[in-house]
Every structure is written in structure tokens, then in C-alpha cells.
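Take a look at the structure below.
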Amino acid sequence: MKVNFSASDIDELFGQWNQQLGTVLQTDFNETILELPPQLGSGRVRHIKLYPGLEIIIRQLKFCDDLTFEMQSTNLSRLISLDFYFSGSAGAVFEDVREDVTVFAGKSVLISAADLVGKIEFSGQQPLSAVSLLIDFNTFKTIVQNRLQHTAFDPNVDQVLAQIEQGFYCQTAVMLPWMQTAAKQVLDCPFEGVVRQLYLESKAIELISLYLHQCSLNVYPSNLPPQLCSEEIERVQLAKAILLTNLEHPPSLLELAQRVGLNDCKLKRGFRQLFGTTAFGYLYQQRMEKARDLLKVDTMNITEVAAVVGYTNPSAFGAAFKRMFGTTPSAYRRQ
């Protein structure tokens, strides 16, 4: 399916999305929630305005089929989109840009442009889960330069700022573990009201700083080991499925590698490339996600929830849960 957009600012773009693609469930002074209609798929998009020039979009969607957005948005004030993908994939082709842009689970991408003419394609094969920061360039520059005044000069960061300011800029990178944690906390924010707003603002600033830190390290795909072939990707995905079905008693890394037909080094590299973390970093994340879902219903006590996700010690489970979500299991259940 193809959808056409033509707009002069980001609010108009999101308004067109509302009109063409879904039903608005909620609108208040700083947030709009949109639900995808059944003929297109399922899931929601949350558009959160933090303050002028800084917004968050959270996409959790499953399209029935591949979906293409054809965009013709000119004369925008320079806009920066910083996206973090947890699942799903997208490809983009823009006019006057030689290379296509492809991003998938475990990757981040920063795009800066004043004009966006081209198309973005979302795959219908996998659910899409992504967190995006939309930042007006002047706001971005203010955020960064205010901090540069009080820190040592970093030529790599300064070079990135100069590149972002000129023409079309696009950079994809592996989502490093600490970046993935911060983006996940945006996705799973447990707070409401003013506390939620302040929390999301702090996480947005944290993600910007982590991206710039990654720039300073020059950690980009060209500096990383070779990408996996399609067969190896399938084997890593199989390893992921095995972990998901064995949260309580997972296999060792060597056993997991043997079961999917990869050596342990390639399996570790595959998890890093596809999911931005280690195999057991991924296992930890999924255990906590499962625990969070179980805590939402009152059918088990916390010790039982801990056991279901593989923790025999409730204290260790509580510490792991707090590390992931910033709150204890009992406090989360009360909320």
C-alpha cells in the first residue's frame, strides 16, 4: 500500500497521518495517541510534545502488508530525526541522495534535512517497535552548545554538528547497549503526569548525549565486523526464539550456538548486530518484559513471578527489575 504526504511542518505531517491512517484515541495538551485501523494492521503511535522543538514518537505497530510513505515535505525548518529500532525494519530513498537508508532491529539512524522528498518503506513481515526523537535543529544546537561551553572540545562531535547543519545528513549505527537501555526506558515509562514529562525530557537529552558519545568514538558500521549473511541472520533469529521459549531455564551460550549451527563468536556478534546487546543481555531484557506483564495482573505474587522468569532469589529479581525499569516490582504493581 502507498500513502502520500505533502506538508510544511512536522505537525502537519502527523495530522495527515491521523487523517489517512488511523483513529485518534486520545489528545491532550502534549500527547496524541493514534490507533492503526484493522485494514492496515494493529498497534499504536504515540506523539508526545516535550517542549518547543523537541518531541517523541513511539511506534508499536504490525502492518498487514508492506507500507510505503511517499513524502514531499519542502521548506521545513531543519529537522533532525533520531530513531531507535527494537524490532521491524524500514528502508528509505530520498531525492538527491545516492545511498539508500536501511535500518532494522538493534540499529539507530539520524537524519537531518530541510526538505524531505522520497519514500519510506516499512516491512509488514515483523512488528515495528521504535522510539524517535524529532528535534528542531536550533533546539538541537542549543542543547549541545550549552553543554559544549562547559566541557572539553571534541573535534568528532564538532564535525558531526557541522555536517548536520549542511544539506542532507544521514548516519546509521549499531544501537550500543547503554543507548538501547535509555530508549527502552522511554518505551516503557512507568510514570504519569508531570513526573512522566520530566522523565521523558531527561531521557531525550540522555539519548542525544549518547548519540554524540557514539560519534566521538566513531562507532559506525564501517568500523564494525562484516555484516551477517541472510542464513546467519535466520540462525540468530532462531537462537532468539529458543531463548524466548526458555526464559526460566535458558541454555548456555555454547549450547545455544550448537543448537542453531553457529560458533559462539558468530552468535555473539549476531546478537550485537541484530539486537544491540549480548545474547544474555537480550535474555535479561525479555525476562524483565515478561515479569512486567505478569505484574500487571494480580494472579501471582512477586516470588512466583520471579520464579517464572528464572530467578530463585526474589531479592536478585527485585534488583534486576529496578535496574531495567527504575522501580521495584512491588512499587510497579501498586502503580
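The values are calculated or read from the model by the stated rules, or taken from the named source; none is laboratory data. Bear in mind the structure is a predicted one, so any value in this text is a computation, not a measurement. Using ideal geometry, Cβ is built from the backbone for each residue, glycine included, and neighbour counts are taken over all protein chains shown.
Annotations
- Screening segment 40-127 for strands (runs of 3 or more DSSP E) wholly inside it with 3 or more residues that are modelled with pLDDT under 85 returns the ranges 67-73, 89-94, 101-104, 107-113, 116-122.
- Just one of (1) surrounded by 19 or more Cβ atoms within 10 Å (Cβ to Cβ); (2) more than 20 Å from the chain's Cα centre (by Cα); (3) touching a residue at least 24 places away in the same chain (Cβ under 8 Å) fails for Leu256. It is (3).
Table: residues versus (1) buried (at least 19 other Cβ atoms within 10 Å of the Cβ); (2) under 24 Å from Ala182 (Cβ atoms).
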| site | (1), (2) |
| --- | --- |
| Gly281 | no, yes |
| Gln285 | no, yes |
| Asn301 | no, no |
| Gly310 | no, no |
| Ala316 | no, yes |
| Phe325 | yes, yes |
| Tyr332 | no, yes |
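- Members of segment 163-180 that are assigned to a helix (DSSP H, G or I) and free of Cβ contacts under 8 Å to residues at least 60 places away in the same chain: Gln163, Trp178
- Filter pass, Thr151 being modelled with pLDDT of 80 or more and closer than 22 Å to Lys203 by Cα: no
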